[in-house]
Every structure is written in structure tokens, then in C-alpha cells.
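To start, the structure under review is shown below, and the notes come after it.
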């Protein structure tokens, strides 16, 4: 049976008892009962205050201290984690900047090396072509010189046979100059250079 259901029963019995004893014990408690109740309550409060409440307060203080320490430790851990994250982000940004700088320098170096290689190859090619041209011209001059010498020798021999006389050195030189002047050796040197 519930307490709420018993209250009307107690009130009803109190009404009926008040008529018999001149009052209800709920409405008019006895002085002795009240004194004993207060005395037991005071002793219980004294004993609780002397033994239980200090230990309860100590346990609550200890728990509050641990909770405060846990909160402080969590806050320190959070701050350290934020500092480490910030430091990590900063190092990551530095690493990215350094890697971009290295890549940029490598590209510039590669471009410079490529340009220098092209310039060196072009210069070497031009030098080889110039040397080949000089060699070709020198060879053409040598061949023309040999040809002049051979032609001069043939002219002197042919003239000596036709005239049946021996020519003096001055006559040979004059005859050679006239004969060589008529021959166009420039065509031979340009054809040899081709």
C-alpha cells in the first residue's frame, strides 16, 4: 500500500481518536516524544558532525581537487596540442616553401644549362663549319697552285717544242703570265669549294 493511500487512513483514525483521547498524536504530539526525538536528533547530528561529515567533506574536497587537476591537465594538454599543431603547420609551410624554392632553382639551373649547352653547341658547330670552310679554301688554293704550276710547266714545254728554241727565264715568266691570265682559275676554286 502506498504512503499517499495511508494518509487518509491515518487522518481518519486521528479524527476518531481525537474524540476518544481529546486530540490526535499528529496534531498534538506529546512533550516526552518530542524531547526524545530532539535528543536523538542532536546526538545523531553530533556523531555525524564529529565522524561522518569531516570525512564526507574531505572526500568531496579530494574529488573537487582531482577534478580541478584533471581539468587543468586537459587544458595544458589541449594547449600543448595546439602549440604542436601550430608548430607542425609552420614547419610544413617552411618545408613547402623550401621545396618550391628548390624546384624553382632546379628549373632555372636546367634552363641555364640547356641555354649554355645550346650556345656551346652552336658555337662549336660554327667553329667546325668555319674550320671546314678554311680547310676547303686552303685545299682549293693548293690545288689551284699545283694546277698553275702544272699548266705553266706544260705551256713552257709546249712553247719550247713549237718554237724549237729554249726560252730565257724572263721570256718564260712573260709567257706564263699571258697564258695564266687567259685561264680563269676563279671558276676552279669556286667549283672546288662546292
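The values are calculated or read from the model by the stated rules, or taken from the named source; none is laboratory data. What you see is a predicted model, and the numbers here were worked out from it, not measured in a lab. All Cβ positions, even for glycine, are placed from backbone atoms using ideal geometry, and neighbour counts span all protein chains on display.
Numerical summary
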| item | result |
| --- | --- |
| Residue in the stretch 56-69 that is at pLDDT below 95 and surrounded by fewer than 10 Cβ atoms within 10 Å (Cβ to Cβ) present | no |
| Test: residue 160 is under 30 Å from residue 173 (Cβ atoms), more than 21 Å from the chain's Cα centre (by Cα) and either modelled with pLDDT of 90 or more or assigned to a helix (DSSP H, G or I) (or both) | yes |
| Selection status of residue 118, loosely packed, with under 13 Cβ neighbours inside 10 Å and at pLDDT below 70 | no |
